[in-house]
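Contents: one structure, followed by commentary.
The values are calculated or read from the model by the stated rules, or taken from the named source; none is laboratory data. Note that the structure is predicted; figures quoted are calculated from it, not measured. Positions of Cβ are generated from backbone atoms using ideal geometry, with glycine treated the same way; all protein chains shown enter the neighbour counts. Each accessible area value is taken on the protein alone, full model and side chains, heavy atoms only, with ligands, DNA and RNA left out. Shrake-Rupley method; radii C 1.70, N 1.55, O 1.52, S 1.80 Å.
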Amino acid sequence: MPASDIPQKIWPSAEIISDLAEVRKHAPLTHVLTNIVVTNWTANVLLAAGASPAMVIAEEEVADFATIASGMLINVGTINSFDAKSMKSAAIAAQKSGTPWVLDPVAVGALRYRTEIAKDLLQHKPTVIRGNASEILALAGAVGGGKGVDSTAASSDALPLAKELAISTGAVVAISGEVDYITDGKETIAVPGGHILMTKVTGVGCSLGALIASFLGIQKDPLRAAVSASAVFAIAGSRAAEKCSGTGSFAVAFLDELTNLGV
Amino acid sequence: MPASDIPQKIWPSAEIISDLAEVRKHAPLTHVLTNIVVTNWTANVLLAAGASPAMVIAEEEVADFATIASGMLINVGTINSFDAKSMKSAAIAAQKSGTPWVLDPVAVGALRYRTEIAKDLLQHKPTVIRGNASEILALAGAVGGGKGVDSTAASSDALPLAKELAISTGAVVAISGEVDYITDGKETIAVPGGHILMTKVTGVGCSLGALIASFLGIQKDPLRAAVSASAVFAIAGSRAAEKCSGTGSFAVAFLDELTNLGV
Amino acid sequence: MPASDIPQKIWPSAEIISDLAEVRKHAPLTHVLTNIVVTNWTANVLLAAGASPAMVIAEEEVADFATIASGMLINVGTINSFDAKSMKSAAIAAQKSGTPWVLDPVAVGALRYRTEIAKDLLQHKPTVIRGNASEILALAGAVGGGKGVDSTAASSDALPLAKELAISTGAVVAISGEVDYITDGKETIAVPGGHILMTKVTGVGCSLGALIASFLGIQKDPLRAAVSASAVFAIAGSRAAEKCSGTGSFAVAFLDELTNLGV
């Protein structure tokens, strides 16, 4: 099936509107283990969308918190050996307690240390894996055994391996790009929209991973949760781009659009 | 005394204007040990208000820096075992050298590890304890022995236990909420104002703790310092809310209002 | 030579325009090891200017990444013992592989621990050293043996010792202030412009260090690279100051001006 034949979902689909309303109603407690560059931005994105973020990272606390959270994100963007231990504990606790969780394999493929960590985390059954095409290709290759990485890959190019990754891991795989593709290996949904400026503000993709974790807290179908969060991002990004005059005002407008979407 | 009978302080009280002017004049060096989500925001809040923030965190440096600082904040929001050691050293040094300091017991009560750490830090005589109602109730309960935590508590509900906490620890206790209450156990001041958007931008409360530390650097009466800083926040928040169109522009407008307040 | 006779470079010099265009064209991969206060801001500054930032910090990854990066920054602003190990490994790898790198000696002089670390890092031949007058004086004094630090020093006051530091280390030294001075010990260039608001947003100076590292990725002459990056900052700061109403909107406008400069 060529990429152009994949069914699309965009705002204002009734399902997306309903999922966002549920997030605003229940403010799902979202446990965010992420990189040091995007903590503040990610918390503000989740708050603007109506979720309740908490960035607990201590090895002594993560298992308890992963157990009580509605959803969780593990993002390996600036991982070190201490984070790695905490993330492992959190993933084990989430798996054991049934907390849905998202793995964001930032820069996997480019660096061996985090690639091994991400592979190991896969054993604890992430509900969703979100990355750009290169990261998804690298993770799929690492799991399947040594396939190449193309850092300039389009999101559609990563789709065949993304489907394999979804089937082998049981996770929904969300590939971010000019068009986002979300697949469980059988069904695939395309989410177009967004804007190139979303790649010029640090952490937009990282915060989408976190928002998917929030949506998993109120929507049991992980394919739908990932699609809804991605579509919310796409429309907020498109609208913000119309109102801004550079990357600084784009980031501000993006949070404003998220604040007001569907309200 | 019902909450409605508690004396109120708001901008433009002469005392508050005077205290803010002193901050702008002396730029008190404020040692901020805080969580990884709010470092940038907190530094920008302090700079906008005229203080001089520094986020020294290494165990090798904190004691020296706590000694030379005019005021200090310890916020346990994303504490780990390394931060815990640094915060302990910093608290000991502040107590020894007479540097006034603020304890912000983020999420104490919800997580046992940090609750023990916060209880231990109390031994080093914080000048001010700032938190939301749940955190103050939890900290008071932890100290007094097992009282409950209500995460939906209003700030006025926490006032009786806050007064007990103030008396047992010798600290001024500042409860943030729709109305802020600041008490030394005998005298209590209410600071109304602010806006609900202050809870939709991450770290606003955390940065109030830091600003109280800055005000302690120029105002020896800790009750007055905490009231003045809280009132500055309330007016900046009210004014920013009138000019914004979402959480992104609220945060920007809040810093702008702080920049221009009383100038 | 009095400071007023030092040759000046400002936007729109053809060299500066050309260097910025090269950054936008090649998006140099910039390895940023910096403090926890400014990671997000620094990444956004580099993205707005067209560079490609990455904040890899794990001891297990930094040497590999420093080797493949086009330029690197080491900023000791919130250094701890783990960062110190990573920064040492990164500096060794950069020196070995020929990756140009910038040392930002934040608060060196004021704190002994980081002063020793910064002195040690000098052995690995930074390409550029960037700091304010006090930091440059302190680093020069530490290297030369105990000269004083004046935290209220003007950038021109630090110039004689900066030249000595440049000659003894082989690095270009960039002193940030009301006027920036950049020197290799023989030639000195002044970059006027900018605005006092650049000192009221946290991390502006830190992010200049990172942008110099990006420019080193496309401009082999380190004196010119540091001058161009400084001039880009000065013009973006001047223009942003005209459009803002406080520190919050200044930061937003600064990123917007960077986004649009020379495009």
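Figures for the structure shown
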item: Where Cα atoms sit under 18 Å apart: lysine pairs in the stretch C:1-157 separated by 8 or more or lying on different chains; result: 8
item: Distribution of pairwise C-alpha distances over the protein assembly as shown, 10 Å bins, in %; result: 3, 14, 24, 27, 20, 9, 2, 0
item: Within-13-Å neighbourhood charge of C:VAL173 [Cβ basis; K, R +1; D, E -1]; result: -3
item: Buried area at the C-A interface (accessible, heavy atoms, 1.4 Å probe, summed, Å²); result: 1800
item: About the Cα centre, charge dipole magnitude for the protein assembly as shown (Lys/Arg +1, Asp/Glu -1 at Cβ), debye; result: 340
item: Percent of beta bridges antiparallel (DSSP, the stretch A:3-231, rounded to nearest 5); result: 25
item: Whole-Å distance, taken between Cα centres, linking the stretch A:106-132 and the stretch C:204-263; result: 35
item: The stretch C:53-105 versus the stretch B:86-102: alpha-carbon centroid distance in Å; result: 32
item: Portion, in percent, of the accessible area of the stretch B:3-258 that falls on carbon or sulfur, probe 1.4 Å; result: 52
item: Those aspartates and glutamates that a straight Cα-Cα span of less than 19 Å connects to B:LYS186, excepting residues fewer than 8 apart in one chain; result: B:ASP5, B:ASP157, B:GLU164, B:ASP221
item: Spin-label model distance (nm) - C:GLU242 vs B:THR67, 7 Å beyond Cα toward Cβ; result: 5.0
item: Teacher prompt: A:GLY170 distances to equivalent labels in other copies, 7 Å Cα→Cβ, nm; result: 5.7, 5.7
item: Relative contact order (%) - criterion: Cα under 8 Å, at least six apart; region: chain B; result: 22
item: Computed accessible area, B:TYR113, all protein chains, 1.4 angstrom probe, square angstrom; result: 50
item: Among A:LYS200, A:LYS186, A:LYS96, residue whose mean-square fluctuation peaks in a GNM of chain A (springs only between Cα atoms under 10 Å); result: A:LYS186
item: Mean Kyte hydropathy of -1.0 or more with a Cα span along the axis of at least 27 Å, helices from DSSP in chain A; result: A:222-243
item: Gain on full stretching of the segment that runs from A:GLU187 to A:GLU22 - 0.36 nm per residue minus C-alpha separation; result: 57.0 nm
item: Mean residue ellipticity (222 nm) of chain A, computed from DSSP H runs ≥ 4 via -39,500 (n - 2.57), nearest 500; result: -16000 deg cm²/dmol
item: Chain B: most fluctuating residue of B:PHE233, B:PHE250, B:PHE82 per GNM, C-alpha cutoff 10 Å; result: B:PHE82
item: Rounded FRET efficiency, nearest 0.05, which uses the C-beta distance separating C:VAL263 from C:ALA14 and R0 of 22 Å; result: 0.85
item: Stokes-Einstein D (µm²/s) once Rh is taken as the Kirkwood radius of the stretch A:3-231 over alpha-carbon pairs, at 10 °C in 1.306 mPa s; result: 94
item: Cβ-vector label at 7 Å, C:PRO12, separations to other copies in nm; result: 4.4, 4.4
item: Shielded by partner chains, the stretch C:239-255 residues - at least 50 Å² of accessible area, 1.4 Å probe, vs chain alone; result: C:THR247, C:VAL252
item: Under 15 Å from the Cα of A:LYS163 - aspartates and glutamates, other chains or at least 8 residues apart; result: A:GLU135, A:ASP180, A:ASP184, A:GLU187
item: Fraction of the pair-distance distribution of the stretch C:45-139 above 24 Å, Cα-Cα pairs, percent; result: 17
item: Rounded to the nearest 20 debye, dipole of chain A from Cβ charges on Lys, Arg, Asp, Glu; result: 120
item: Shielding score for B:102-111, defined as the mean number of other chain Cβ atoms within 10 Å; result: 2
item: Label distances, nm, A:LYS96 versus same residue in remaining copies, Cβ-directed 7 Å point; result: 4.0, 4.0
item: Solvent-accessible surface (1.4 angstrom probe) belonging to B:SER134, in square angstrom, nearest 10; result: 20
item: Accessible area in square angstrom per residue, the stretch A:3-231, 1.4 angstrom probe; result: 35
